[in-house]
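S.K.: Let me begin by handing over the structure; questions about it come next.
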Amino acid sequence: MAREFVPQIITSNHLIEGDSIYLTEAGAWSRIAADAMLLANAEIAATTLATANLQTDLHVGAYLADATHFRETFRAVGPSNYFHGKQAV
Amino acid sequence: MYIYNDFDEEFVRNRVDQFRDQINRRISGALTEDEFKPLRLMNGLYLQLHAYMLRVAVPYGTLNGRQMRQLAYIADRWDKGYGHFTTRQNIQYNWPKLNEVADILEALADVEMHAIQTSGNCIRNVTADHFAGASADEFEDPRPTAELLRQWSTDHPEFTYLPRKFKIAVSGAAHDRAVVRAHDIGLYLRRNDAGEAGYEVVIGGGLGRTPMVGKTVQEFLPKADLLPYLEAVLKVYNLKGRRDNKYKARIKILVQETGLDVLKARIDAQFVICKASFKGVPDSILAPIEAAFAPPVFNNTRSAALDDALSNDPLLQSWVDTNLAAHKNPAYTIVTVSLKAVGQTPGDASSDQMRVLAALAEDFGHDELRVSHEQNIILPHIRRADIPQVYARLREAGLATANIGLLSDIIACPGMDYCALATARSIPVAKEIAVRFNELKLEQDIGPLKIKISGCINACGHHHVAHIGILGLEKKGVESYQITLGGDATQNMVVGKRAGPGFAADEILPAMERLIGAYLDIREDNSETFLDTFRRLGDAPFKAALYPVEEAKNAA
């Protein structure tokens, strides 16, 4: 049985700051994880990612992510040792 | 200190200009990320979870005050006011912006520093004993060798695209403080029966997913043969090392798959060819290197200042007991400044702290500083009489933690707080352990103990060679921590054994308490260290402490 598709987001790192950024419904990039568009369909997710990857002068290494995974939680918040990542904003 | 000659200066400046142009072309869109990535990695620039990271080389861990001040300036001007000292004696900045990296490199070049070959499949920054040139147990300073290798390996045209990264470490003392046997090539300075200087050459050591203790391939290599011999090793590796599988590409796998004897025969055959065409290192190169590492002019006047201060200051006494090491000059001592204040991030120093360290080196320490692979800073030449003043200034700066070699002197990689490769966090685990055992006031009683934490299988935190190693992994969508026991990073290197299943993030601290509690219960007396107890009794009593329920089941 094929694994059930877990809704995903498209996230990347900003070209200049390297900060984690998220593709929104409007097709723009936001620095806030909560703004991320949720993709419930694997096919649409793949084509949206392919489109996002054309904007290579804006960001680096876009990928599909499970927003509930702890790695993404850390990326969305910033490091735990100093509060000067996204927490500080 | 080695001072750049015109060639070094021009090379580093040219590289800054070149990389500035490459960055501009990336930003303008003229270069794609696929084209740019290998270029930025050659200049030490990584992309991590929250930002870029710039890894700056500290050759063989040696710095002067001016360089340390510049590192502080860079931290303030272009980063967030701190830097992270690593297990390869380098410093990493966690927040540089791409469009400012060339300015940072320019500022580094101003003090004869750079980030070249701190990444990529080349010969990386050569590391050395952090007590080099100072320690009482040293018979030869390893830094002239390390500097010669730096010059030889920098931008070496043949060894810029090796199958995988290549790390070299050098030690010239009775005790190996440079984890020599965990390197692709490890060098121990030796003297033969005739009193001539040479090297014991070790190859194929490494940690990572396949930890291996390096094997001796030459018991005694005459000093003059070093470069042709290393060239032979690297030529054989470059040709025969596996390029089909990244995880099998290090020389340790070549040693394992080929067998040491067969590989040695190949190296020896290649060495004959290399040696025939090698004309020796000219004196015009060797002499300035040797001169650069001549010992400082020591001030041998003694005073009772330290003894007087010790008699009325128990905190100073405790710090002197743990953080000082024997210097070859009896009027001097080696100070290890702990970057492991309880509750702080192991290896981090603020810009203010860096400036204090620079000033102490300049005012009391013959302008020398070292970065240790254990993520501390060394003041290698401090007059014993100056210790009370040095200690007072360290204390003011929050740098007087008395824990060197003890439980809270933990190595921890940046882990998933920063690193894109990490599978779990390391820093919070290190902090929790240090804070808890500080509350219990047991650290002194526990005695010498090396805890090392890695946030992924690549083992930057050296967990395999810790007395108690912790490896952070992902298991079923949560962080999970495996414990290894009985590792040893010294010349008698041992890779620790996995104790059993991993612990969840909220279980790792209680597990450590049970483990260390068991040690306190079963040691013969308080002079028997954790490692000695482990060696005497094996892992059974420690496993029983770590997995009490399993034990109960087995007993039933």
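S.K.: What number does chain B give for Rg over Rh if you use C-alpha atoms and the Kirkwood radius?
M.R.: Values: Rg = 23.3 Å, Rh = 24.3 Å.
Ratio value, two decimals: 0.96.
S.K.: Here is a further query. Please report, in cubic angstrom per residue, the volume enclosed by the convex hull of the alpha-carbon atoms of the stretch B:1-159. Mind showing how you got there, number by number?
M.R.: Values: hull volume 19.2 nm³, N = 159.
That works out to 121 Å³ per residue.
S.K.: Report, by chain and number, residues whose modeled amide H sits under 5 Å from the one on B:R498, excluding near sequence neighbours (fewer than 5 apart, same chain).
M.R.: Placed amide hydrogens put B:L485 under 5 Å from B:R498.
S.K.: Can you pull the mean other chain C-beta count within 10 Å for peptide A:9-20? Can you show the working numbers first?
M.R.: Numbers: counts 0, 0, 0, 0, 7, 4, 10, 7, 8, 14, 6, 3.
Partner Cβ neighbours, averaged per residue: 5.
S.K.: How much length is gained if the chain between B:R13 and B:S284 is pulled fully straight, taking 0.36 nm per residue apart and subtracting their Cα-Cα distance, in nm to one decimal? Working shown, then result.
M.R.: Numbers: separation 271, 0.36 × 271 = 97.56 nm, distance 2.28 nm.
Full extension of this stretch gives 95.3 nm more.
S.K.: Which one, B:F85, B:S277, A:P79, is farthest towards the positive end of the dipole of the protein assembly as shown when Lys and Arg carry +1 and Asp and Glu -1 on their Cβ?
M.R.: About the Cα centre, the residue reaching furthest to the positive side is B:S277.
S.K.: In whole angstrom, how far apart do the alpha carbon centroids of the stretch B:1-60 and the stretch B:432-492 sit?
M.R.: Centre-to-centre distance over Cα atoms comes out at 33 Å.
S.K.: Would you calculate a helix-derived [θ] at 222 nm for chain A, using -39,500 (n - 2.57) for each DSSP H run of n ≥ 4 and dividing by the full residue count, to the nearest 500?
M.R.: Details: 2 runs with 19 residues, N = 89.
So the calculated ellipticity at 222 nm is -6000 deg cm²/dmol.
S.K.: Sticking with this structure for a sec: Taking amide H atoms as placed 1.01 Å from N in the peptide plane, list the residues 5 or more away in sequence, or in a different chain, whose amide H sits under 5 Å from that of B:G172.
M.R.: When sequence neighbours closer than 5 places are left aside, the close amide H contacts are B:D129, B:L189.
S.K.: Still on this structure: In sequence order, what are the phi-derived ³J(HN,Hα) couplings for the stretch B:473-489 according to the Karplus relation 6.51 cos²θ - 1.76 cosθ + 1.60 with θ = phi - 60°, rounded to whole Hz, with x for glycine and proline?
M.R.: For the stretch B:473-489, the Karplus-derived couplings read 10, 9, 9, 6, x, 9, 6, 9, 10, 9, 9, 10, 10, x, x, 8, 9 Hz, x marking Gly and Pro.
S.K.: Can you pick out the pairs among B:K450/B:K476; B:K167/B:K223; A:K86/B:K80 whose Cα atoms lie more than 23 Å from each other? Numbers along the way, then the final one.
M.R.: Numbers: B:K450/B:K476 29 Å; B:K167/B:K223 20 Å; A:K86/B:K80 13 Å.
Flagged as over cut-off: B:K450/B:K476.
S.K.: Still on this model: How large a share of the accessible area of the protein assembly as shown, in percent, is made up of carbon and sulfur atoms when the probe is 1.4 Å and the other protein chains stay in place? It would help to have the intermediate numbers written out before the result.
M.R.: Working: 13890 of 26070 Å².
That fraction is 53 percent.
S.K.: Nearest 5 percent is fine: what portion of the DSSP beta bridges confined to the stretch B:165-229 is antiparallel? Mind dumping the intermediate values first?
M.R.: Numbers: 13 of 17 bridges.
Antiparallel bridges make up about 75 percent of those DSSP assigns within the stretch B:165-229.
S.K.: I'd like to know how the protein assembly as shown sits against the 2.2 N^0.38 Å rule of thumb: what's its Cα Rg over that expected value? Numbers along the way, then the final one.
M.R.: Numbers: Rg = 25.1 Å, N = 645, 2.2 N^0.38 = 25.7 Å.
The value comes to 0.97.
S.K.: Given H placed on each backbone N at 1.01 Å, which residues far from B:G343 in sequence or on other chains put an amide H within less than 5 Å of it?
M.R.: Here the answer is B:V435, since their amide H atoms fall under 5 Å of that of B:G343.
S.K.: Moving on. Provide, in order from the shortest bin, the percent of all Cα-Cα pairs of the stretch B:142-292 in each 5 Å bin, continuing until the bin that contains the maximum pair distance.
M.R.: Result returned by the calculation: 2, 9, 18, 23, 23, 15, 7, 3, 1, 0.
S.K.: Between A and B, buried accessible area summed over both sides at probe 1.4 Å, in Å² to the nearest 100?
M.R.: Values: alone 6050 and 22350 Å², together 26070 Å².
Interface area, both chains combined: 2300 Å², rounded to the nearest 100.
S.K.: Going by Cβ distance under 4.7 Å, what cysteines of chain B have no possible disulfide partner?
M.R.: B:C122, B:C274, B:C419, B:C456 - these cysteines have no disulfide-compatible partner (Cβ-Cβ under 4.7 Å) in chain B.
S.K.: What FRET efficiency would be calculated for the residue pair B:N238, B:I522, taking the C-beta separation as r and a Förster radius of 41 Å, to the nearest 0.05?
M.R.: Values: r = 50 Å, r/R0 = 1.21.
Approximately 0.25, to the nearest 0.05.
S.K.: Return the Rg/Rh ratio of the stretch B:417-555 with Cα-based radii and a Kirkwood Rh.
M.R.: Working: Rg = 14.5 Å, Rh = 15.3 Å.
Using Cα coordinates only, the ratio equals 0.95.
S.K.: Now for a different question. Would you please give the FRET efficiency between B:I273 and B:T301, computed as 1/(1 + (r/R0)^6) with r the Cβ-Cβ distance and R0 = 45 Å, to the nearest 0.05?
M.R.: The calculated FRET efficiency here is 0.25.
S.K.: Around B:R25, what is the net charge, scoring Lys/Arg as +1 and Asp/Glu as -1 over all other residues with Cβ under 14 Å from its Cβ? Present the calculation step by step, with values, prior to reporting the outcome.
M.R.: Working: positive: B:R20, B:R26, B:K37, B:R40; negative: A:D57, B:D17, B:D21, B:E33, B:D34, B:E35.
Charge balance in the 14 Å sphere: -2.
S.K.: Also: Kindly identify the stretch A:9-80 as rounded, prolate or oblate by the Cα gyration tensor criterion: order the square roots of the eigenvalues as a ≥ b ≥ c, call it rounded if a/c is under 1.5, otherwise compare a/b with b/c, prolate if a/b is larger, else oblate.
M.R.: Taking the square roots of the gyration eigenvalues as a ≥ b ≥ c, the stretch A:9-80 is oblate.
S.K.: Shielding of B:409-419 by partners, i.e. mean partner chain Cβ atoms within 10 Å per residue?
M.R.: Values: counts 0, 0, 0, 0, 0, 2, 4, 6, 7, 5, 0.
Mean shielding count: 2.
S.K.: What's the center-to-center distance, using Cα atoms, between the stretch B:81-137 and the stretch B:249-284 in Å?
M.R.: About 28 Å separates the Cα centre of the stretch B:81-137 from the one of the stretch B:249-284.
S.K.: Rounded to the nearest 5, what % of the DSSP beta bridges within chain B are antiparallel ones? Show your work: numbers first, answer last.
M.R.: Details: 51 of 64 bridges.
Percent antiparallel among DSSP bridges in chain B is about 80.
S.K.: Now for a different question. Give the separation of the Cα centroids, the stretch B:141-180 to the stretch A:23-70, in Å.
M.R.: Computed from Cα coordinates, the inter-centre distance equals 43 Å.
S.K.: Now for a separate question. Given the -39500 (n - 2.57) contribution per DSSP H run of 4+ residues, what per-residue ellipticity at 222 nm results for chain B, rounded to the nearest 500 deg cm²/dmol?
M.R.: Numbers: 19 runs with 215 residues, N = 556.
Counting only the DSSP helices, I get -12000 deg cm²/dmol.
S.K.: Using the Karplus equation 6.51 cos²θ - 1.76 cosθ + 1.60 (θ = phi - 60°), what ³J(HN,Hα) coupling, rounded to whole Hz, does each residue of the stretch B:306-311 give in order, writing x for Gly and Pro?
M.R.: 5, 4, 4, 5, 4, 5
The values are calculated or read from the model by the stated rules, or taken from the named source; none is laboratory data. Just so it is clear, the structure is predicted and the values come from calculations on it, not from any experiment. As a convention, Cβ positions derive from the backbone with ideal geometry for all residues, glycine included, and neighbour counts pool all protein chains shown. Ligands, DNA and RNA are excluded from the accessible area calculation, which covers all protein heavy atoms including side chains. Shrake-Rupley method; radii C 1.70, N 1.55, O 1.52, S 1.80 Å.
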